[in-house]
Amino acid sequence: MNNNGKMGQLVVVSGPSGSGKDTILNEIFKMDPDIIPSVSATTRPPRKGEINGVNYYFMSVEEFEERIKRDEFLEYVQYGDNYYGTLKPQLEEKLKTGKTVVLIIDVRGAVNVRKVYPTAKTIFILPPTESELEKRLRCRESETETSLLKRLEVAKDEIKRVNEYDYAVVNDELEKAVEKVYNIIKSDNC
Ligand code: 5GP
């Protein structure tokens, strides 16, 4: 809650890996301090430059499963070979600040969040084309060929569910996509 006792707005952003959703949202977090990220937990190893507690809470499978048993997750999924999940207490703390909190999560997680927070605003980020998506994933160089192909398959399945979201934005030009997503986040729900 902020000084007026108002809880922050919850925004859920999904899009296939390589759609550029993290890049778009990172620009928005820099632009507006009233929009903040929720930090998920994951068992996947950190990529180059990723920081524990900033990009993710990186943890072992044992710790993640222990937290599942303790009912600490608002939602969690297995994505590829790893677990990803939203920790309830850290999200609630952030919403209490009255700021807009953004969850960047997969489509299955988005469905589960909506059950608990039906007023959450949902946005789907699309890559301009399938070949551009593959190019972006290859440029990351953090994937093995098998895991890259798995991500591409998952991506194609996720894109089919774009209609479940309130808004869809195509990320063909970063600057324009940032502006569109920012305007959607700031707009009144409609
Ligand atoms: P990446 O490994 O590329 O960081 O993330 C892989 C996928 O997991 C992305 O689609 C990302 O949005 C999703 N993801 C990240 N954190 C969470 C989470 O807490 N819950 C769910 N359901 N998905 C997540």
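Is it true that Arg136 is more than 16 Å from Pro37 (Cβ to Cβ), open to solvent by less than 50 Å² (accessible area, probe 1.4 Å), touching a residue at least 60 places away in the same chain (Cβ under 8 Å) and not polar (S, T, N, Q)? So Arg136 does not fit the description; no.
Of all the residues in segment 139-159, those that are surrounded by 17 or more Cβ atoms within 10 Å (Cβ to Cβ) and either polar (S, T, N, Q) or closer than 30 Å to Asp188 by Cβ (or both) number 2. Counting only helices (runs of 4 or more DSSP H) wholly contained in segment 75-190, the ones carrying 3 or more residues that are within 15 Å of the ligand (Cβ to nearest atom) occupy 88-96, 107-116, 130-140, 145-159.
Scan segment 41-59 and tell me whether some residue there is in contact with a helix residue (DSSP H, G or I) (Cβ under 6 Å, 6 or more places away or on another chain), small (Gly, Ala, Ser) and open to solvent by less than 30 Å² (accessible area, probe 1.4 Å).
no
Here the condition is being of a type in the set (Val, Ile, Thr), under 15 Å from the mean Cα position of the chain (by Cα) and open to solvent by 20 Å² or more (accessible area, probe 1.4 Å); of Val116, Val162, Val107, Val77, it holds for Val162 alone.
Among residues of segment 149-176 that are closer than 16 Å to Ala110 by Cα and touching a residue at least 24 places away in the same chain (Cβ under 8 Å), those with a beta-carbon under 7 Å from a residue that is among the charged types (D, E, K, R) and open to solvent by less than 80 Å² (accessible area, probe 1.4 Å) at least six positions away or on a different chain give the pairs Glu158/Asp106; Asp166/Lys121. Filtering segment 114-135 to residues that are farther than 22 Å from Asn183 by Cβ and among the hydrophobic types (A, V, I, L, M, F, W, C) leaves Val116, Leu133. Among the residues of segment 25-69, just one is within 12 Å of the ligand (Cβ to nearest atom), outside any loop (DSSP other than H, G, I, E, B) and of a type in the set (Val, Ile, Thr), namely Thr42.
The values are calculated or read from the model by the stated rules, or taken from the named source; none is laboratory data. All of these numbers come straight from a predicted model, not from anything done at the bench. Cβ: placed from backbone, ideal geometry, glycine included. Neighbour counts: every protein chain shown. What goes into the accessible areas is simple: the full protein's heavy atoms, side chains included, and nothing from ligands, DNA or RNA. Shrake-Rupley method; radii C 1.70, N 1.55, O 1.52, S 1.80 Å.
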